[in-house]
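Asks: Quick one: the structure is below, and I'll ask about it shortly.
Every number in this text was worked out from the coordinates using simple rules, so none of it is lab data. Since we're looking at a predicted model, the values are computed, not measured. Neighbour counts are summed over all protein chains in view; Cβ atoms, including those assigned to glycine, are modelled from backbone coordinates with ideal geometry.
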């Protein structure tokens, strides 16, 4: 059996526990301490930020009537759990004493030190973000299909599948390749061959990077095209409505003021039954849309379009930030497996820190970009001030 230290590339993306369980105790290196400190800081920020997002979206749900909040709340809940695990894995990796039996050590190694829940939830976060992009795509491009596809029951099933998929996917190859040898826990270490390890690394790259890029790109490209067409159509309708209104008003005014045209009288003028008098009466009786009604309709449509564009822009930025945070780490992993880099150096740890930052960046984007969220956040703080 070939043994490869593939902790970073396959399971977690970090090599934090290579020194665990030597003589029954956990030993840490300076690099591990630095990484743990960063985890605590990032995790704490993630817990606070994502908790605030959940509170705003649940408490002021009516503000987000144009958006299915289930997936957004689920995104923040997943990222919040990831943040909690970042902190827990820094503080709660306890020492084991010599009396602990082999089964307990093996389970502790495979289920806790392997970090399968942490990295499984990160995968779930990736696919929940994809689900949000698909949801936005259907809402904008195929609104009729959207009403059928995203019912409450289907959304709940989708959320459950997303949570399970991530953990099952990561556990399927991390647990079999993780084990304890002479008191040391080796995470994603035991592979039948280097080719097998490379195949799993390629699969992970496809599942967690390439496929999400493809789905997000297609969805937002179609959304952008549809929004542009919709804006153009609304503008043309406004021009036509304005022109039509002006034309009707002009005809009515001219008819009403034409000399010699009356609805009664006989000397040289059109009589009561004349075509001219009938036309004039019809023109005056016909309902003419008022300018205020046209403006109100146009204003409402403009507000809806603005809100839709704001939602799409917000989640497009969130998606872009996800890839900015994760692409460097994934590239380093691929380079490691193909022998281009041989160690997990400071460059790698920098990519890992950037990746972890993704769990706390979404609340910042909501505050900076999403208008409805900013309104809800202001309402939360006003409530706190009144209660205080």
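Asks: Say we look at the range 334-352 and pick out the residues that are assigned to a helix (DSSP H, G or I) and surrounded by fewer than 17 Cβ atoms within 10 Å (Cβ to Cβ); which of these is nearest to the chain's Cα centre (by Cα)?
Replies: It comes out as 350.
Asks: Out of 177, 205, report the one residue that is farther than 22 Å from residue 76 by Cα, in contact (Cβ under 8 Å) with a residue 24 or more places away in the chain and not in a helix (DSSP H, G or I).
Replies: 177
Asks: Within 16 Å of the chain's Cα centre (by Cα), part of a helix (DSSP H, G or I) and surrounded by 13 or more Cβ atoms within 10 Å (Cβ to Cβ): which single residue out of 131, 196 fits that description?
Replies: 131
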